[in-house]
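The values are calculated or read from the model by the stated rules, or taken from the named source; none is laboratory data. Fair warning: this is a prediction, and the values are worked out from it, not measured in the lab. In this analysis, Cβ positions are derived from the backbone assuming ideal geometry, glycine residues included, and neighbour counts consider all displayed protein chains. Heavy atoms of the whole protein, side chains included, go into the accessibility calculation; ligands, DNA and RNA do not. Shrake-Rupley method; radii C 1.70, N 1.55, O 1.52, S 1.80 Å.
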Amino acid sequence: MADTEKAPLHTSTESEKVAEASSAEQTYDPALNKTWRKIDIYILPVVAMFYLLSFLDRTNLSNARVAGLQKDLKMTNRQYSIALTVTYIPYIVAELPSNLVLKAVGPNLMLPTMLTLWGIVTTLQGVVKSYHGLLACRFFLGLFEGGVFPGLVLYLSFWYPRQQLQWRISTFFSTASLSGAFSGILAYGIIQMDGVGKRPGWAWIFILEGLFTVVFGLTAFYTLPRSPAHARFLNEKEKKLIITHLKESGATGHDEETDAFSWREVKQAFLLPQVWMMAVIFFLDVESAGDISVSTLASSSTDSHNLEVYCLTSLISFTPSIVAGLGYTNANAQLFSVPPFAVAFVVTMIGAYISDRFGARGYVSMFGGILATIGFAMYLGSKNLHVKYGSLFLSITGAYSAAPALSTWSANNAAPYTRRATAVAIGFIMTNSGGVLATWLLGNLSPAPLYTKATITLLVFSVLIVVITGMNITYLSSQNKKKAAIRATMSRENEKPGLGDRSAWFVYNL
């Protein structure tokens, strides 16, 4: 808070003006809430479908593997891990530049373009004849999808005030858990097409899901508006109401100059302590999420060395293999992979409501970390294969309920726009860096068949998530107290401009 210049001027109500960043968001306004509902109807389904297709198009590799892809392409287990790793490199590289140019290019153009291109690449995976062809597809899939998740989080922050953001992020993020359920059911049906057009069933998984993605991407050019000011479904009165409220709540800057791109704001994001604590948590969360499923399979099947670890999405990727390891046929394994993700969806939405209602981003994240910790402990403490499968209900639910809370927390506590875009991108860069390690942790850095060292490592990571989340809550709370003290001794007019989230009138969400 050293950047804030104090002045003796003070009024009895000055500290209460912090409502612009907090309690103002909670004020019930029938016209305003009606407009939010309208935005929900028009925006959330499109955004949710973006994320659903993103997960389907990346995680269908696991379903294809169960259906025979690895055997047909004559891939070794090491080559399969390399194919997964190749996706991450361009993914990581693309995230920050994508977020920084999203507003300038326009999310209505950039996001549909990425969706359409990755749909084309997904479709091409269905016609590959060699391992090297698959590698090329995985590389471009990562390149085109890299900016999607951080871009969607940033895009929603254009539309909703800070205290209403997590429920919306959870709505589209929960489609990831639904895709875990849906992909199993879909793959079960598609692999019945084995032999159609002289192509194996696994090829049709890529072709059909990829073609649908392309079609939806093209329609999104017409259904995804650039911003509230450009939304055709809002009248002029509603646009003014939303834009004014977003500025008053601190979700957007008070003018275009405030939210304009600035390298200085990029640098400021890298200097925020909460950004780096969040970055570590993102890394740990994806790492913990990425491997519990694999560990369970490792002790459940003689084919346990045939494993993939794929970031947070590996929870989706591994479940069919886990269930297959319990003795079910490959087709039935797709169906039995559904229940854990269905539970995760319900718990994630309940957690989002609590987080928005009580401003408890960090506490919901801690709860998710605790669930994941229990899931790992169950795996380590039991030799019963069904108990190990049951642990997925806790680990998957814990990881998925924490992830949208963390994403919202990151977006909530950085301002103005460029600083927020950078902070969000840093978090997701760390997420996918964790994915790279996750890809190799099981079976390579920890020996088969039980992978005990790896599982212990992941259990420690889950505990660290809880600890570091608590540290971040403590830090942000202490900063809020310092800001309250400053507000009691000066007026906002006397504060140095351009402080963004370091302003005494910007209250951090806990």
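Normalising the average separation of contacting C-alpha pairs (under 8 angstrom, six or more residues apart) by the number of residues puts the relative contact order of the range 374-447 at 18 percent. Only Lys, Arg, Asp and Glu carry charge here, each on its Cβ (+1 for the first two, -1 for the last two); on that basis the range 222-275 has a dipole of about 180 debye about its Cα centre. Near Ala411: Cβ cut-off under 12 Å, other residues only, Lys/Arg at +1 and Asp/Glu at -1. The net charge is +4.
Our estimate of slack between Ile243 and Ala104, defined as 0.36 nm per intervening residue step minus the Cα-Cα distance, is 48.2 nm. As a rough guide to protection, the peptides 405-417, 30-42 ranked by mean Cβ packing within 10 Å, highest first, stand as 405-417, 30-42. Can you give the FRET efficiency for Thr489 and Phe270, using 1/(1 + (r/R0)^6), R0 = 30 Å, r = Cβ-Cβ distance, to the nearest 0.05? About 0.50, to the nearest 0.05. In this simple spin-label model, placing a label point 7 Å from the Cα along the Cα-to-Cβ direction at both Tyr42 and Thr113 gives a separation of 2.4 nm. Surface calculation, 1.4 Å probe, protein heavy atoms: Ser462 sits at approximately 0 Å² accessible. Counting 0.36 nm for each residue step from Val346 to Phe221 and taking away their Cα separation leaves a gain of 41.9 nm. Enter the accessible area of Glu209 (Å², nearest 10), with the probe set to 1.4 Å and all protein chains included. Roughly 10 Å² of Glu209 is accessible to a 1.4 Å probe. If R0 equals 35 Å, the separation of the Cβ atoms of Asp194 and Ile89 corresponds to a calculated FRET efficiency of about 0.60. Relative contact order of the range 92-151, taken over Cα pairs closer than 8 Å and 6 or more residues apart, is 58 percent. Starting from the Cα of Ser130, step 7 Å along the direction of its Cβ; do the same at Lys482; then give the gap between the two resulting points in nm. Distance between label points: 5.9 nm. Computed from the C-beta positions of Thr76 and Val467 and an R0 of 30 Å, the FRET efficiency is 0.20 to the nearest 0.05.
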